[in-house]
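The values are calculated or read from the model by the stated rules, or taken from the named source; none is laboratory data. Predicted, not measured: the structure shown is a model, and the values here were computed from it. Because the Cβ atoms are built from the backbone with ideal geometry, glycine has one as well, and the counts that use them run over all protein chains shown. The area values use the complete protein model at the heavy-atom level, side chains included, leaving out ligands, DNA and RNA. Shrake-Rupley method; radii C 1.70, N 1.55, O 1.52, S 1.80 Å.
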Amino acid sequence: MPTLEGTLERITYHSPEDGYTVARLTPQGKGYLVTIVGKLIGIKPGETLALEGEWKEHREHGRQFEVASFRTLMPATIDGMRRYLGSGLIKGIGAATAKKITETFGKYTLEVLEREPDRLVEVPGLGRKKAELIKRAWREQQQIKEVMLFLQELGLSTGLAVKIYKQYGDAAMQVVRDNPYRLADEVYGIGFVTADAIAQGLGMSHDAPERIGAGLRYSLSQATDDGHCYLPAEELLLRASALLEVTEDQAESELQLQIADCRVQSRDSFVAQSSIVNRQSSIVNRQSSIVNRQSSIVNLQSPVYLPPLAMAETGVAAAVGRLLRAPSTIAPFYRAANWPRVFAHLAEKRATHLTERQQEAVRMALTDKVSVLTGGPGTGKTTTLRTVIHLLQAKGYRALLASPTGRAAKRLAEATGAEAKTIHRLLEYSPQGGPHFRRNADWPLECDLLVIDEVSMLDVLLANHMLKAVPPQAHVLLVGDADQLPSVGPGRVLRDLLESQAVPSVHLDAIFRQAEGSGIALNAQRINQGQPPTFQGMRDFYFFAASEPEACAALTVELVASRIPQRFGFDSRRDIQVLSPMHKGAAGVANLNRLLQEALNPARPGVAERAYGATLFRVGDRVLQGRNNYDLDVYNGDVGVVERIDLDEQVLHVCFDEERSVAYDFDQLDELALAYALSVHKSQGGEYPVVVLPLLMQHYNLLQRNLLYTAVTRARELVVLVGDRKAIGVAVQNNNVLQRYSGLAERLKQ
């Protein structure tokens with residue numbers, strides 16, 4: 001097979017889903033660039049790569065080297081050493097320091113670092129403290145060399161090898177040899193596809209039980225990414241057998257054992273497992289443990305869960321039942337209140353005039369232990385909340401307010417005038433001693449009423465933690481808009497609560513903002529009722545036609561960078577948020593972020609930047625946190641600004657909430673993405689002065705009423721739609737919301 005060696009210069013495209021990468025490489029000893037393509041997971045610019053593959057002629061992009069396998073090499077040239085040392089592999093050595101070191105020691109650079117690291121003090125301007133830091137970092141790097149080489153022989157890049165070593169330390173090689181599928185469960189950034197490739201490299205059988213078990217759990221995990229809490233056994237077996245290329249009988253046999261081992265859980269297995277004393281006595285061997293489908297623990301319609309989701313559903317239902325049964329400290333007082341007099345007093349003294357529905361919601365919150373308040377934008381939810389909080393505080397009772405995200409909590413505090421926190425901070429999350437919420441059933445919150453806003457964003461896992469921490473005597477008021485997109489995480493907590501009718505609810509539908517001339521509120525209501533938005537005579541709602549994806553993207557950038565700021569005075573980087581239905585395509589999130597970065601925060605001398613994969617981060621960029629990182633106290637959906645990049649220390653600093661700085665090691669940058677453009681899902685809980693939404697027929701599979709409604713309701717002052725009128729019409733008419741597999745409503749009814 002043809003081989004190619006060279007230095008990786010830049011990454012043009014990288015897919016985090018399957019690792020497919022397009023990159024540019026300088027062949028060894030050559031002065032030109034070539035294009036390489038293939039599954040190149042975790043590679044970094046500056047690395048020296050040895051590739052196996054074949055040259056192919058692409059119809060559009062010309063000659064490319066299609067990579068079948070690769071490994072990283074220690075560089076042989078001075079320039080290669082400089083690039084290698086400055087690649088981010090060794091903490092403390094950035095591009096500038098790497099240049100000084102290689103200029104000082106030349107071709108003997110690596111030998112000096114290996115055998116005479118004390119000579120680093122000879123490097124001009126380095127200093128003893130910095131030299132000692134680099135010496136220690138190099139020594140640590142060499143200690144994992146054997147592990148790294150072993151992992152790289154299996155096709156893993158340096159970046160992923162480092163992550164595995166950080167997770168398991170010196171036991172990394174043994175873990176990988178014994179069961180590489182543990183990596184998919186335990187190491188962030190390594191999915192089943194990567195773990196499966198490692199297993200194949202180690203010679204693991206195609207139908208090995210470990211492989212089939214991992215494939216079943218991966219299929220369930222993928223389903224949770226789509227919002228499902230479980231999959232029916234039949235659908236799980238279909239997905240897993242297709243993924244693994246094994247028979248459904250093989251997948252079902254392993255599913256029984258996964259249930260017996262409690263690696264996954266089934267509704268049927270809760271009863272059936274009580275008859276299994278232990279695995280050794282009940283299962284003689286894998287072949288004889290399952291006689292046929294009829295004797296199966298799980299029937300084909302039975303829901304199959306990952307254990308945390310099964311526990312979360314049962315936990316939420318149990319917590320709601322516990323709260324409903326427990327006596328209230330505040331309900332007796334408010335049930336005896338003269339409500340007509342209370343509302344008349346509010347109207348006279350505070351100029352708070354409530355509709356009948358709002359009055360009903362106020363009474364409900366103060367007299368029912370658990371309740372739900374829903375309504376669209378401009379329907380008076382905030383006024384209702386302020387009234388509830390005022391009436392509580394007037395009698396010395398305590399309310400706590402929280403939302404799933406920092407953005408939503410900030411909005412809640414501004415709207416009500418009361419302190420509001422994220423749910424994680426309210427529950428005092430602590431990574432010490434194993435990640436956990438300090439506030440729980442053993443140490444509950446101290447309140448008489450807990451208000452949770454933006455409940456449409458609340459997934460079942462977080463809902464379980466939240467409800468466990470509510471003291472038995474307290475009330476819970478859940479506030480949200482059931483017509484928005486569901487949570488990014490698994491479950492549909494708000495809809496399940498409403499459908500179960502297990503707790504009282506009030507829906508507000510009278511639009512107050514309409515009287516103030518708000519086209520946003522009016523059009524949100526029209527969209528929700530299946531009518532197209534109107535643009536005639538609107539001062540805060542506009543449409544610009546551009547039906548071709550490239551033209552739509554270009555017009556979007558022009559509107560953000562110049563036309564909207566010039567016409568309305570908004571700040572392009574602070575006030576305007578671009579939302580898109582999808583990630584891919586010319587008018588998708590990824591490409592729009594690249595174009596908007598070029599327009600709003602271009603490269604310029606003296607402004608530090610750092611590439612990670614296909615993303616270039618630059619000081620001043622708006623960025624999005626893509627997962628919950630409890631150690632850093634940042635969460636999925638948090639948006640901040642890159643304030644500093646330290647190339648020597650290999651750290652990027654992001655300012656969140658305009659006051660809190662978080663430091664990311666360069667190997668953690670896969671958690672961040674540019675945020676000039678966001679997906680509509682990621683925008684949930686946020687509110688922006690201006691929303692610009694490209695909408696095209698190219699987005700056909702995602703054109704849904706709740707998506708358009710959610711995007712429009714994120715804007716406070718101005719909405720600009722860009723694209724195709726036909727796409728808007730399709731979205732408005734499509735109310736076929738993808739149903740999620742969730743058992744919570746049934747549990748709540750019970």
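Figures for the structure shown
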item: Between 0 and 90°, nearest 10: helix 307-325 axis offset from the chain longest Cα axis; result: 20 degrees
item: Under the Karplus curve 6.51 cos²θ - 1.76 cosθ + 1.60, θ = phi - 60°, whole-Hz ³J(HN,Hα) for the stretch 472-481, x wherever Gly or Pro sits; result: x, 7, 7, 9, 10, 10, 9, 10, x, 10
item: 222 nm mean residue ellipticity, helices alone, for the chain (DSSP H n ≥ 4; -39,500 (n - 2.57); rounded to 500); result: -11000 deg cm²/dmol
item: The chain: relative contact order as a whole-number percent, Cα under 8 Å and 6+ apart; result: 11 percent
item: Sequence of TYR676, TYR165 from largest to smallest accessible area, 1.4 Å probe; result: TYR165, TYR676
item: Span per principal axis, largest first, for the Cα atoms of the chain (Å); result: 88, 75, 55
item: Net length gained if the chain between ALA608 and LEU324 were fully extended (0.36 nm per residue, minus Cα distance); result: 96.7 nm
item: Accessible area of ILE190 in the full protein assembly, 1.4 Å probe (Å², nearest 10); result: 10 Å²
item: Binned Cα-Cα distance frequencies in the stretch 545-604 - 5 Å width, integer %; result: 4, 19, 29, 25, 17, 6, 1
item: Highest average packing first - 240-249, 418-427, Cβ atoms within 10 Å; result: 418-427, 240-249
item: Which of TYR688, TYR181, TYR542, TYR108 is most accessible, then next, and so on - probe 1.4 Å; result: TYR108, TYR542, TYR688, TYR181
item: Amide H within-cut-off set for PHE541, under 5 Å, with H built and near neighbours excluded; result: VAL719
item: Whole-Hz ³J(HN,Hα) from phi, Karplus 6.51 cos²θ - 1.76 cosθ + 1.60, for the stretch 544-550, glycine and proline x; result: 10, 7, 6, 7, 8, x, 5
item: R0 of 25 Å, Cβ-Cβ distance CYS262-GLN501: FRET efficiency to nearest 0.05; result: 0.15
item: Accessible area in square angstrom per residue, the stretch 354-478, 1.4 angstrom probe; result: 36 Å²
item: Angle in degrees between helix 356-367 and the longest Cα principal axis of the chain, rounded to the nearest 10; result: 70 degrees
item: Simple label model, 7 Å out from Cα along Cβ direction - LYS99 to VAL121, nm; result: 2.6 nm
item: Label zone at GLU746 (point 7 Å along Cα-to-Cβ), backbone N below 17 Å, the stretch 231-262; result: 231-237
item: Spatially proximal aspartates and glutamates relative to LYS30 (Cα-Cα < 15 Å; intrachain offsets below 8 disregarded); result: GLU5, GLU9, ASP79
item: ³J(HN,Hα), Karplus 6.51/-1.76/1.60, whole Hz, each residue of the stretch 451-466, x for Gly, Pro; result: 9, 10, 9, 6, 5, 4, 7, 7, 8, 5, 5, 5, 4, 5, 4, 5
item: Set of lysines near LYS410 by C-alpha distance (under 20 Å), chain-local residues within fewer than 8 positions excluded; result: LYS381, LYS421, LYS682
item: Under-5 Å amide H pairs with GLU5, H placed in peptide plane, nonlocal only; result: GLN28, LEU51
item: Angle between the chain longest axis and helix 158-168 axis [Cα atoms, degrees, rounded to 10]; result: 70 degrees
item: Rough spin-label spacing in nm, given labels placed 7 Å along Cα→Cβ, for GLU132 and THR77; result: 3.7 nm
item: Estimated distance in nm for a label pair at ALA554 and GLU66, the labels positioned 7 Å out from Cα along Cα-to-Cβ; result: 3.3 nm
item: Unit charges on C-beta of K, R, D, E only; dipole of the chain, Debye; result: 1700 debye
item: Eligible lysines near LYS135 by straight Cα distance, threshold 25 Å, same-chain separation 8 or greater; result: LYS44, LYS91, LYS99, LYS100, LYS107, LYS145, LYS163, LYS166
item: Fraction of beta bridges assigned by DSSP in the chain that are antiparallel (%, nearest 5); result: 60 percent
item: The stretch 612-652, accessible area per residue, ligands and nucleic acids excluded (1.4 Å, Å²); result: 35 Å²
item: TYR230 long-range amide H proximity, modeled H, under 5 Å; result: TYR741
item: By accessible area with a 1.4 Å probe, ligands and nucleic acids excluded, highest first: order of ASP226, ASP118; result: ASP118, ASP226
item: With every protein chain in place, the stretch 41-133: carbon and sulfur % of accessible area (1.4 Å); result: 48 percent
item: For ASP453, solvent-accessible area (1.4 Å; no DNA, RNA or ligand), Å²; result: 30 Å²
item: With DNA, RNA and ligands ignored, accessible area of GLU9 (1.4 Å probe; Å², nearest 10); result: 60 Å²
item: Cβ-Cβ FRET estimate between SER15 and GLN566, R0 fixed at 35 Å, reported to 0.05; result: 0.40
